[in-house]
1. Going by what's in this entry, would I110 be described as within 21 Å of G340 (Cβ to Cβ) and either touching a residue at least 60 places away in the same chain (Cβ under 8 Å) or of a type in the set (D, E) (or both)?
2. Mind telling me which of the residues I201, I210 ends up being in contact with a helix residue (DSSP H, G or I) (Cβ under 8 Å, 6 or more places away or on another chain) and either among the charged types (D, E, K, R) or open to solvent by 10 Å² or more (accessible area, probe 1.4 Å) (or both)?
3. Of all residues in segment 333-364, count the ones that are open to solvent by less than 10 Å² (accessible area, probe 1.4 Å) and among the charged types (D, E, K, R).
4. Among the residues in segment 337-352, are any at pLDDT 95 or above and either over 22 Å from K102 (Cα atoms) or touching an Asp or Glu at 6+ places or on another chain (Cβ under 8 Å) (or both)?
5. Take M179 and decide whether it is open to solvent by 50 Å² or more (accessible area, probe 1.4 Å) and of a type in the set (A, V, I, L, M, F, W, C).
6. Could you list, in sequence order, all residues of segment 213-248 that are more than 22 Å from I350 (Cα to Cα) and either open to solvent by less than 20 Å² (accessible area, probe 1.4 Å) or within 23 Å of the chain's Cα centre (by Cα) (or both)?
7. Restricting segment 365-385 to residues that are open to solvent by 40 Å² or more (accessible area, probe 1.4 Å) and not charged (D, E, K, R), which is nearest to H345 (Cα to Cα)?
8. Out of the residues in segment 47-67 that are under 16 Å from E17 (Cα atoms) and of a type outside the set (F, W, Y), which is surrounded by the most Cβ atoms within 10 Å (Cβ to Cβ)?
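The values are calculated or read from the model by the stated rules, or taken from the named source; none is laboratory data. Please read these numbers as outputs of a predicted model, since none were measured by experiment. Neighbour counts run over all protein chains shown; Cβ positions are idealised from the backbone, glycine included. We work out accessible area using only protein heavy atoms, side chains counted, and drop any ligands, DNA or RNA first. Shrake-Rupley method; radii C 1.70, N 1.55, O 1.52, S 1.80 Å.
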Amino acid sequence: MNKVFKVGLIGCGHISETYFRAEKYFNNIKIVKCADINHANALKCAKTYKIKALSVKDLLKDQEVEIILNLTIPKAHYQVAKQSLLNGKHVYSEKPMAINFKDGLNLVKIAKRKKLYIGNAPDTFLGGGIQKSKELVEKNIIGKISLGNAIFAFPGVQSYHPNPEPWFAKKEGGPVIDMGPYYLTALVNLLGPAKKVTGSIMEGVKRRTIGIGPKKNKTFKVECPTTYLSTIQFENGTIIRLTLSFDVIAHQRNHIELYGSKGSMIVPDPNMFGGSVYVCNKLGDPWKEYKTNKMHLGKINIRSQSSRANESPTNANYRGAGLAEMAYSIENKKINKCNGELSLHVLDIIQSTMKACKTNKPQVIKTTCKKPSLFNTKDIKKILK
């Protein structure tokens, strides 16, 4: 029987319900207290989930809480994670770990000094879709991968988020910070660390209209680039063309395609846990489907249509798997899969991509990381209810 870690939630916004749902799936995490810079949000969350609401300061110092779950807006990730570590608590944050590389590096240093665990979303790469892709890549099904394409293209979060302004802010906004972590983490998981990036930007629509919530139909100013076109070279020699955009109404391209010496692979949506993998090994042959809907973290548990371009109407969503896997790693003194080294490398690629695209100058990635190992069925079952 695993130890159940008591979790303190900071940031009771749009994503928090997803992590409460994770308690249905995983056997070693329990959110016991919550806090928000807007205390009314914390009180509402506490009432809904029958837990206790505290101030942020009091939650950080609470002796019962062992792990801080940091679901604040991106620009607050660093300070909340830092204060969590300085108060002797492990921390798991939503993506990205910070909005600049210097702060991310500092978090990794503090965690190491304090002998505490730091974890970061996305954990979607632990799901059936990316893990099945990884299994097939490592079995050399498509041979040596030389190149590939990846795309996230969508009109923007303003259509489905009630408070979308931070995603379009000057220093914390844009699709690279928002969706880049999913694609880049999946690619590092499949191909290993990156070493160089080039690219360019496109300025999109300068005013956006909020689509839902109490501010529906209100317009706001866009303060950051909203389309990035980049080319990433990985240490193993693979070159990936990556498009990240908030300016595309719709498209029919696959999320990720990898092209190898023995065939090609379609990798499912890295923003979700499931989805089929497709492989073609010979010109003119039909694509072979590798289903993941019977895998532990690939089973469909969402049946509501998303408006996002090319996203399946049915999905597997097990966000919280990274938090549960980190809790298991703490108890068993293992390195967690959504670890600081991986998250820092992804943040390095994010910042380098943005700089390369804005300056039209190639950027060398400063960090590296170990390629994550396969999240096998035996390990997954240890954290499932």
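1. Numbers: within 21 Å of G340 (Cβ to Cβ): yes; either touching a residue at least 60 places away in the same chain (Cβ under 8 Å) or of a type in the set (D, E) (or both): no.
So I110 does not fit the description; no.
2. Numbers: I210 fails: either among the charged types (D, E, K, R) or open to solvent by 10 Å² or more (accessible area, probe 1.4 Å) (or both).
Just one listed residue meets the conditions, I201.
3. Of the residues in that region, 1 qualify.
4. Taking segment 337-352 as the starting set, the residues that turn out to be at pLDDT 95 or above are 337-352.
In the following step, the residues that additionally are either over 22 Å from K102 (Cα atoms) or touching an Asp or Glu at 6+ places or on another chain (Cβ under 8 Å) (or both) were identified as 337-338.
Checking segment 337-352: at least one residue is at pLDDT 95 or above and either over 22 Å from K102 (Cα atoms) or touching an Asp or Glu at 6+ places or on another chain (Cβ under 8 Å) (or both).
5. No, not satisfied.
6. Residues of segment 213-248 that are more than 22 Å from I350 (Cα to Cα), as a first pass: 213-221.
F220, the sole residue that qualifies.
7. First pass over segment 365-385, keeping only residues open to solvent by 40 Å² or more (accessible area, probe 1.4 Å): 366, 368, 370-371, 373-374, 376-378, 381-382, 385.
Narrowing the set further to residues that are not charged (D, E, K, R) leaves 368, 373-374, 376-377.
Values: T368: 6, S373: 16, L374: 19, N376: 23, T377: 26 Å.
The residue in question is T368.
8. Taking segment 47-67 first, the residues under 16 Å from E17 (Cα atoms) are 47-53.
If we keep only those that are of a type outside the set (F, W, Y) as well, we get 47-48, 50-53.
Working: K47: 10, T48: 13, K50: 6, I51: 19, K52: 14, A53: 21.
Restricting to residues being under 16 Å from E17 (Cα atoms) and of a type outside the set (F, W, Y), the top hit is A53.
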